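Structure first, commentary second.
The values are calculated or read from the model by the stated rules, or taken from the named source; none is laboratory data. Quantities reported herein were computed from a predicted structural model and do not represent experimental measurements. Backbone-built Cβ (ideal geometry, glycine too); neighbour counts: all protein chains shown. Heads up: the accessible areas ignore ligands, DNA and RNA and are worked out on the full protein's heavy atoms, side chains in. Shrake-Rupley method; radii C 1.70, N 1.55, O 1.52, S 1.80 Å.
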Amino acid sequence: MKVAENLIHINQQISHACQKVNRAPDEVKLIAVTKYVSTERAKEAMEAGIVNLGENRDEGLLAKWDVLGDKPKWHFIGTLQTRKVKNIIDKVEYIHSLDRISLAEEINKRAGKKIKCLVQVNVSQEESKHGLAAEEVLDFIKSLRPYENIMIEGLMTMAPFTDDETQLRNCFRRLNELRHHIQNCNLDYAPCTELSMGMSNDFGIAIEEGATMIRIGTALVGEAGEEEKK
Ligand SMILES: *Cc1c(COP(=O)(O)O)cnc(C)c1O
């Protein structure tokens, strides 16, 4: 399928989810996750009108950057090794995966300007997932005060791998509650307005529960090998 065709379908689903809860579709930023696909396919996504691209590894981001440069807004959505920070820091619009102080320290040190970060939260407490436990997040964010180049724009999570709608909804709802809790602290470096949650299988529910950024790979640009299937 062409990205443009997938995009029409996804935009319909976004509108539908927004309508259900009285939100405006332009409150939801669509990030095309291009980690499985070629630079060519990422380019096709941009030509279809997509502005935000997400990559989860520095190699993937850098390879596409070589061709696409700063035309798209780049979102780093994967686990970020401290030693890789310097490779991507001046190329990304957002880092969605801040999950430890040592990483904050490195970002702060390498950044030439304020960097928009989201704190990754492991709401579902799955062993396989990265991120802070919900109850650790506030203390973590408070401890970021000394790092003048770090802006905490919001929170990110990956929902558990399940079709159980109640479980998904609870996960997203908890992240939204946590966001409000942090907003209420009025920290000048942590406006915490963004909620990055929702992927191919669950973005409708995520939007109903307040997502402001959805990260879609498979349903939008396809999986690895998709391009051959055209
Ligand atoms: C791969 C990935 C996505 C996209 O997943 P799909 O199910 O293909 O939409 C979203 N977020 C993160 C952090 C990812 O690693």
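Just to be sure I understand the filter: pairs with C-beta atoms under 7 Å, separated by 6 or more residues or on different chains, first member in the stretch 74-89 and open to solvent by 30 Å² or more (accessible area, probe 1.4 Å), second member assigned to a loop (DSSP other than H, G, I, E, B). Which pairs pass?
That search, which allows pairs on different chains as well, returns THR79/HIS130.
Could you please give the count of residues in the stretch 150-171 that are among the charged types (D, E, K, R) and within 14 Å of the ligand (Cβ to nearest atom)?
Of the residues in the stretch 150-171, 1 are among the charged types (D, E, K, R) and within 14 Å of the ligand (Cβ to nearest atom).
Can you report the number of residues in the stretch 172-205 which are crowded, with 22+ Cβ neighbours inside 10 Å, under 14 Å from VAL21 (Cβ atoms) and away from the ligand (no atom under 16 Å from the Cβ)?
Count: 0.
Would you call GLU208 away from the ligand (no atom under 16 Å from the Cβ), touching a residue at least 40 places away in the same chain (Cβ under 8 Å), acidic (Asp, Glu) and farther than 17 Å from VAL121 by Cβ?
yes
Does GLY69 satisfy the criteria of being away from the ligand (no atom under 16 Å from the Cβ), open to solvent by less than 50 Å² (accessible area, probe 1.4 Å) and not β-branched (Val, Ile, Thr)?
So GLY69 passes the test.
When you go through (1) assigned to a loop (DSSP other than H, G, I, E, B); (2) in contact with an Asp or Glu (Cβ under 9 Å, 6 or more places away or on another chain); (3) open to solvent by 10 Å² or more (accessible area, probe 1.4 Å) one by one for VAL221, which number turns out not to apply?
Single failed check for VAL221: (3).
How about the stretch 140-171: which of its residues are within 19 Å of ILE95 (Cβ to Cβ), acidic (Asp, Glu) and open to solvent by 70 Å² or more (accessible area, probe 1.4 Å)?
Of everything in the stretch 140-171, just one residue is within 19 Å of ILE95 (Cβ to Cβ), acidic (Asp, Glu) and open to solvent by 70 Å² or more (accessible area, probe 1.4 Å), namely GLU148.
Any idea which residue in the stretch 24-38 is farthest from PHE76 (Cα to Cα), counting only those that are surrounded by fewer than 18 Cβ atoms within 10 Å (Cβ to Cβ) and out of contact with any Ser or Thr (no Cβ under 9 Å at 6 or more places or on another chain)?
Just the residues of the stretch 24-38 that are surrounded by fewer than 18 Cβ atoms within 10 Å (Cβ to Cβ), to begin with: 24-27, 29, 36, 38.
Okay, now just the ones that are also out of contact with any Ser or Thr (no Cβ under 9 Å at 6 or more places or on another chain), so 24, 26, 38.
Values: ALA24: 25, ASP26: 22, SER38: 17 Å.
Restricting to residues being surrounded by fewer than 18 Cβ atoms within 10 Å (Cβ to Cβ) and out of contact with any Ser or Thr (no Cβ under 9 Å at 6 or more places or on another chain), the top hit is ALA24.
Can you name the condition, by its number, that ARG41 falls short on among (1) open to solvent by 10 Å² or more (accessible area, probe 1.4 Å); (2) within 16 Å of the ligand (Cβ to nearest atom); (3) of a type outside the set (Phe, Trp, Tyr); (4) more than 17 Å from MET199 (Cα to Cα)?
Evaluating ARG41 over (1) open to solvent by 10 Å² or more (accessible area, probe 1.4 Å); (2) within 16 Å of the ligand (Cβ to nearest atom); (3) of a type outside the set (Phe, Trp, Tyr); (4) more than 17 Å from MET199 (Cα to Cα) leaves (1) as the failure.
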